[in-house]
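The structure under discussion appears below in the form of C-alpha cells.
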Amino acid sequence: MRALNLFVILFLLIATSSSHGLKITTRLIHRDSRFSPLYNATATAADRAERSVQASLARHAYLAGHASLISSTTATSSDEDTVNIEAPLVPVIDHASFYVNFSIGDPPVPQLAIMDTGSSFTWVKCLPCTPCSSGSGAVAPFDPSLSKTYSARACTSQCRRCTTGGKVPSHCMYTLDYLGGDHSEGVYSTEQFTFRTSDDGIATVPDVQFGCCTNLTGTNPFHKILTGIFALGGIQKMSYGETPLVVKLGSVFSYCVGDVFDHSYPYNRLSIGAGDADLAGDSTPFRTNDLGHYFLRLQNISLGGEVLGIPSQVFANISDVQGILIDSGSELSFLYSAAYDVVKAEVQKRASSVLTEVWGRRGMELCYSGSVSKEGRGFPALGLHFADGAELVVESSGMFIPAGDGVFCLAVVRSESFNIVGMMAQQGYNVGYDLNESRVYFQDIDCQLLEG
C-alpha cells in the first residue's frame, strides 16, 4: 500500500493547454523502483537481474514474432484493429520496465499503464472487467458509468464485432489476441485524459480515443496490478480514423531515464506535445514498420572511441524495415552474432588486464567479478553510431548489468534474429521522437536538469 501511496503522491505533485499546443510532462515509474506498486524491498540484485534478463528475452521474442508476422502478411497500419495480430502482451509475466501515471474521466480516476513504444493502441481496464484489479498495490480499474465525459463508439457497418446481450445501442468492439494465450477485449471509446504538468498545472486532453477493456485473460500477474497499455508507437492513423494521443498532441514526445538500477531516482519522465517534449542534441532518421515500431540505421559501433569496423549490413533485421529497433520495453540490448562477437572480443581485450572474467550467467555470456560502480567504473564507453552523425555513448553503468553475487555482466545479448537498442543503453539521455519529421534525438543530460 505504501508504494501505491507514493504513486498517487507523485501523480499529484508532478504531473501544462489545445490539442497541438498542450504541454504534458509526467513521471515514469520503473517497475522495480520504490515508487512502483510492484516494488519488492527484499529483492536482491540477483533477483532484479534475473527479472531484467528474462523480461528482455521475452520482449525480444515478442518483437521478433511481430516482425515475422509482418513479413508473412500484407497487413498495413490500417489493419491493426481489424486483424487479430498475435504477439505477447507485455509480453510475459510482469516484465514491463516503465509505467506512466495519468487519470481518466470526470471525475478523474488515477491509472498506471505500461509505456510501450512498440504499441500504437492505448487501452485501460474498465468495469465490469475480468479480471479486475486485486491484491496489494493494485490500481483500481476505470468505471465508465461514473464519468460525465465517457463515450462508447456506436456499432456501425465498419465494426468487425459489436457488443451483444440486448444492449441498446450496441457498441463497436476491439479484440487483441496475443502469443502465449493472452487476450484483451473491450469497446472502442472516447474519454478525457488528465495529466500533471512540469509547471505544476493540470492538463486535460478531451476526446482521447482508446480501448475500454472489460475482458483480459491469460496468466500474466500484470492483469491484477496495472491498468493497461500507454501506446507511443509510430502509427499516426488507426483503422477507423482514430488519432493516437501522441498524434493528437502534435506528434512529438520524449522520455528521459536515469540509472535503471537506481531505484530511488525520482526524475524519470515522459513529455508529450511540441511545447514540452525536448527535441535536442544530435538526431537521426527513423522508419516504422506496419505496427509502428521505430527503426534506426546503425552504421557502426565503437569502444573507447575506436570504431570496430562492423559491416553495416550486419545491422539489418529480418523485417521489411532495415535497421536496429529502439525500444522502451527491453532493458538489455541485442546484436546479431556477427556484431556481438566483435563487441565481445573487444571488451574482453580491454578488460583482460583490469577485470577478472567469470562464467556467464542468466543468459549473458560475458561476466566479470566485482561491481559496476567499482571495478567497472571508467571502463571505455560503448558508442552506437547512427546515420547523420547521431551517437549514443553508453557508459559503464549502462553497458554492464549487476548480476548479483559480486558479478556484473555485459548488458548486450547475442541474437540470431533481431537487433535492439534497449533502455540501459538509453539511460542518461533524453530521447526525443518527432513523428512529423521521422527523426529521433539524443540529448546527453541528467534528467533532473530538465525539471526547470
*Check VAL407: other-chain or 5+ apart residues with amide H under 5 Å from its amide H, H built from backbone geometry?*
GLY370
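Keeping every protein chain present and rolling a 1.4 Å probe, give me the accessible area per residue for region 359-452 in Å². It would help to have the intermediate numbers written out before the result.
Numbers: 3540 Å² over 94 residues.
Accessible area per residue: 38 Å².
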_³J(HN,Hα), Karplus 6.51/-1.76/1.60, whole Hz, each residue of region 51-61, x for Gly, Pro_ = 5, 5, 5, 5, 4, 5, 5, 5, 5, 4, 5
*asked:* List the residues, sorted by chain then number, that are 5 or more residues from LEU127 or on another chain and whose placed amide H is less than 5 Å from its amide H.
replied: PHE142, ASP143
*Spin-label point model (7 Å from Cα, Cβ direction): what's the ARG287 to ASP200 distance in nm?*
4.8
*asked:* If you average the C-alpha positions of region 243-279 and of region 325-402 separately, how far apart do those two centres end up, in angstrom?
replied: 26
*Quickly work out the SER373-to-THR42 label distance, labels modelled 7 Å from Cα along the C-beta direction, and quote it in nm with one decimal.*
2.3
*Which value, in Å² rounded to 10, gives the accessible area of THR217 with a 1.4 Å probe and all protein chains present?*
50
*Starting from the Cα of SER264, move 7 Å in the Cα-to-Cβ direction to define the label point; list residues of region 421-452 whose amide nitrogen is under 19 Å from there.*
447-449
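Where does region 235-388 land on Rg/Rh, using Cα atoms and the Kirkwood Rh?
The Rg/Rh ratio comes out at 1.01.
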_Could you derive backbone 3J(HN,Hα) for region 278-283 from the dihedral phi with the Karplus parameters 6.51, -1.76 and 1.60 (θ = phi - 60°), listing whole Hz in sequence and x where the residue is Gly or Pro?_
8, 10, 9, x, 6, 10
*Place a label point 7 angstrom from the Cα of ASP341 along the Cα-to-Cβ direction, then list the residues of region 409-452 whose backbone nitrogen is under 11 Å away.*
none
*For THR243 and ASP106, FRET efficiency with R0 = 30 Å and r from the beta-carbon atoms, rounded to 0.05?*
0.90
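Pairs to check: LYS125/LYS374; LYS148/LYS248; LYS344/LYS374. Give those whose C-alpha atoms are more than 32 Å from each other in this structure. Walk me through the numbers before you get to the answer.
Details: LYS125/LYS374 44 Å; LYS148/LYS248 21 Å; LYS344/LYS374 21 Å.
Checking Cα-Cα distances, LYS125/LYS374 exceed 32 Å.
The values are calculated or read from the model by the stated rules, or taken from the named source; none is laboratory data. Source: prediction; values computed, not measured. When we count neighbours, we look across all protein chains shown, and the Cβ atoms used for this are built from the backbone with ideal geometry, even at glycine. These area figures cover heavy atoms from the full protein model, side chains too; ligands, DNA and RNA do not enter into them. Shrake-Rupley method; radii C 1.70, N 1.55, O 1.52, S 1.80 Å.
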